[in-house]
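The values are calculated or read from the model by the stated rules, or taken from the named source; none is laboratory data. Keep in mind that what you see is a predicted model, and the values were worked out from it rather than measured. Here the Cβ positions follow ideal geometry from the backbone for every residue, glycine too, while neighbour counts run over all protein chains shown. To get the accessible areas, we keep the full protein, side chains included, count just its heavy atoms, and leave off ligands, DNA and RNA. Shrake-Rupley method; radii C 1.70, N 1.55, O 1.52, S 1.80 Å.
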Amino acid sequence: MKKYKFTFLLVLILGIWFAGCGVSEKGTPLENQPPNTILSTAPDSGATVDHYVILRWAGTDPDGDIAGFRLLVDSAQITFTTNHDTMIGFVADTPSDTIEGPPVAHTFSVIAVDQQGAEDPDPPVSFFFVTNIAPTVAFASTGNPDSGAVIGHAFRITLTLEDVNRSPADSFSISLKDTLSWTPWSADSVFLFLHPDLLSDASLLPRGVNIIVNNDLMNGLLDGVVTLYARVKDAGNSVCLNYGTRVLDIRSGPSPTESYAPVMNPLVTSTYGNSDIYPDGSTYYQTSAETRIAVEASADAYRGEINAYRYQYGDSIWSGWIGDPSLSYGNLPVGAYPFKFMARDYAGALSDTLYDTIRIVQQSLTDSLIIVAETAQGTGDPFTHNLVVDSFYVRILNELNLKVREIKYGAASRQQSRSEITPYLSPYDLHNAGVILWHSDDVSLKHGLSDAISVRILREFLDRGGRLILSGQDLMNSFATTGNADSLAFELTGFAYQKLRVISGRRTTGRTAPASTGIIGVQDYPSVPTDTARIRGTANGAGNRLSGCWTFYTKEECLVIGLLNTNLPTNPVYMRPAAYLYNQSFRAAVIGVPLYFCVEDSVKAFLTKLNETIFEGLTSVP
């Protein structure tokens, strides 16, 4: 019985529950509520303020989010924005003869709009008056020709606005010769005069400037003195009371028979891979290296501007005019690549042609020897003339049947487009040689080897297995990092330590107390005594004693081949290493005594012995 009562009760409860879940009538959704607008910063009602007004606002929506705000000036919408503040220049004209105009009435209103498009039905409105002080036009302090300047037929004028009430410039206008033929008002403050033929390629014209063709409504630009007039209008539509003026002397050229034309910069900027190409345009070959070439021209002499460049490779036709004066080539093989460049200014005048050649070379280690014949000293007074020293070495090396070539370091560049006088060595100079002999017997080595380009090429030459012989007076001064005139030390990352394998050097006591009498040969090398006939006065020494000689403390892998002989055994540099040879991954011989001042036959015998090692393994060429 209890079981039946329980079942009946359960069925009754479930029936009541299911009956309660039925929906008898659908609900009605709430309507979208409009947003509210708050104008937090605005002029007081009826107030008179400056025409450039700061405004701030906000909005709330009781059932959603604000989508943005409509801004209205004088009941007309000027924009829809999501911002909450702005500055507006309200129109307030000034009479042509008055610095400050009368008050002008304006209204500003902002209306909040929600995500469903509903607007504030009762937005705030601010009613006020504004006044404006006329702005002043000025010529920018930079980028303009000075008053009275002599200029060509294409030039740039840049204007600015000066306004005591902080109103921004609305537009600018200029006129030539009178105050009647004004250009249209423009928001751009820069005016560029150019030749009409240049309008055919708009891609080569600058953006954000007013293009003034020099035969337009201004009646053209003829040679002579002209007055340029300028005016400005501010954001309140107020025009300056006084025009800006600038007197310009416009000419076609520096003389009746000459015309202004751009000038190409002879220095060509070029890189190959991660390295700068040498000043003569040469570089060592690298795999997968990009070659980049850039040129530059100037029209500054007549206040002109460069419009475009063009180039020609080899015997191909000239390229079209381009705005970027740079070229890029990927993975060029070994060879010579001749280029020509020209520039054009905005008057349509063309520059002369700039010639340049990129030479990508591969080092060939041949049995040719290059003498670096410096011309830094040259006069021979009070030192030995460099030409005399050069002929000394050439004579000896020719007698040894070596293939000898001289490079006049410091003479006119071999490629005039890159520099007028550029003292340097380059891969192109050295790529068919295996040995360099660089001497400073005329006291000039220290000038050449203080040049970073020269040190760079010597380092790269040795890295490729080249061989180097250095000899001369004061030859280590260029590499010193610490010390004084008579004692030097060399940093671990420097050329002297890494490539010459020298740790420190010590010189014979200064020129006033010369002490060296030559080299005492060791390791089967012959001795090299000084030649009294070649030692000239106190500049080089006295009697048979020679100044400016060096001894070395070298790395242990170097082979000492000569010791310094002096006039007194008590001299602190007596019998110290004065010549040594490094013969491993590359070969370098350093001789601390200027060989020109030694007995010629002994120098010949010394070099004969040295050349057995220096020239070993080089490829013989005819």
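Restricting attention to the stretch 61-98, which residues are closer than 15 Å to Ser167 by Cβ and exposed (fewer than 14 other Cβ atoms within 10 Å of the Cβ)? Residue satisfying the conditions is Met87 alone. Pairs meeting the criteria (first residue in the stretch 240-259 and within 14 Å of Val226 (Cβ to Cβ) and of a type in the set (Val, Ile, Thr), second residue part of a strand (DSSP E or B) and open to solvent by 80 Å² or more (accessible area, probe 1.4 Å), beta carbons under 9 Å, at least 6 apart or on different chains) are Val247/Val225; Ile250/Val225. Please tell me if Thr107 is in contact with an Asp or Glu (Cβ under 8 Å, 6 or more places away or on another chain), assigned to a loop (DSSP other than H, G, I, E, B) and under 29 Å from Cys240 (Cα atoms). Criteria not met by Thr107.
Do the conditions hold for Val621, that is, is it touching a strand residue (DSSP E or B) at 6+ places or on another chain (Cβ under 8 Å), within 19 Å of Ser368 (Cα to Cα), part of a loop (DSSP other than H, G, I, E, B) and at pLDDT below 95?
Values: touching a strand residue (DSSP E or B) at 6+ places or on another chain (Cβ under 8 Å): yes; within 19 Å of Ser368 (Cα to Cα): yes; part of a loop (DSSP other than H, G, I, E, B): yes; at pLDDT below 95: yes.
So Val621 passes the test.
Each residue in the stretch 424-456 was checked for being modelled with pLDDT of 80 or more and among the polar types (S, T, N, Q), and 3 of them qualify. Taking every residue in the stretch 219-239 that is closer than 12 Å to Ser167 by Cβ and part of a strand (DSSP E or B) and pairing it with any residue that is aromatic (Phe, Trp, Tyr) and at pLDDT 85 or above, at least 6 positions away or on another chain, the pairs with Cβ-Cβ distances below 8 Å are Val232/Phe172; Lys233/Phe172; Lys233/Trp185. Of all residues in the stretch 424-439, those that are under 18 Å from Phe586 (Cβ atoms) have Cβ atoms under 6 Å from Cβ atoms of residues that are aromatic (Phe, Trp, Tyr), 6 or more apart or on another chain, in Pro427/Tyr284; Leu430/Phe461. For first residues located in the stretch 147-158 and open to solvent by 50 Å² or more (accessible area, probe 1.4 Å), partners that are of a type in the set (Ser, Thr, Tyr) and lie 6+ apart or on another chain with Cβ distances below 9 Å form the pairs Ser147/Thr245; Val150/Tyr302; Arg156/Tyr346. Check whether at least one residue in the stretch 480-493 is closer than 22 Å to Arg467 by Cα, at pLDDT 70 or above, hydrophobic (A, V, I, L, M, F, W, C) and touching a helix residue (DSSP H, G or I) at 6+ places or on another chain (Cβ under 7 Å), and report yes or no. Yes, there is a match, as at least one residue in the stretch 480-493 is closer than 22 Å to Arg467 by Cα, at pLDDT 70 or above, hydrophobic (A, V, I, L, M, F, W, C) and touching a helix residue (DSSP H, G or I) at 6+ places or on another chain (Cβ under 7 Å). Look at the stretch 282-299: where a residue is free of Cβ contacts under 8 Å to residues at least 24 places away in the same chain and farther than 21 Å from Asp324 by Cα and a partner is open to solvent by 10 Å² or more (accessible area, probe 1.4 Å) and assigned to a loop (DSSP other than H, G, I, E, B), sitting 6+ places away or on another chain with Cβ atoms under 7 Å, you get Gln286/Gly273.
Residues in the stretch 166-189 that are open to solvent by 20 Å² or more (accessible area, probe 1.4 Å) and hydrophobic (A, V, I, L, M, F, W, C): Ala169, Leu180, Trp182, Trp185, Ala187. I'd like the full set of residues that are under 24 Å from the mean Cα position of the chain (by Cα) and of a type in the set (A, V, I, L, M), limited to the stretch 333-357. Within the stretch 333-357, Met342, Ala343, Leu354 meet the criteria.
Could you tell me whether the stretch 201-213 includes any residue that is closer than 30 Å to Pro103 by Cα and either aromatic (Phe, Trp, Tyr) or surrounded by 15 or more Cβ atoms within 10 Å (Cβ to Cβ) (or both)?
Initial filter on the stretch 201-213 (closer than 30 Å to Pro103 by Cα): none.
No, every residue in the stretch 201-213 fails to be closer than 30 Å to Pro103 by Cα and either aromatic (Phe, Trp, Tyr) or surrounded by 15 or more Cβ atoms within 10 Å (Cβ to Cβ) (or both).
Every residue, every condition in (1) modelled with pLDDT of 90 or more; (2) surrounded by fewer than 19 Cβ atoms within 10 Å (Cβ to Cβ), yes or no:
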| residue | (1), (2) |
| --- | --- |
| Thr357 | yes, yes |
| Ser364 | yes, yes |
| Ala376 | no, yes |
| Ser391 | no, yes |
| Ile407 | no, no |
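Residues that are under 27 Å from Thr158 (Cα atoms) and open to solvent by 40 Å² or more (accessible area, probe 1.4 Å) within the stretch 307-345 comprise Trp321, Ile322, Gly323, Asp324, listed in sequence order. Being open to solvent by less than 30 Å² (accessible area, probe 1.4 Å), more than 30 Å from Arg587 (Cβ to Cβ) and assigned to a strand (DSSP E or B) is a condition met by at least one residue of the stretch 282-291.
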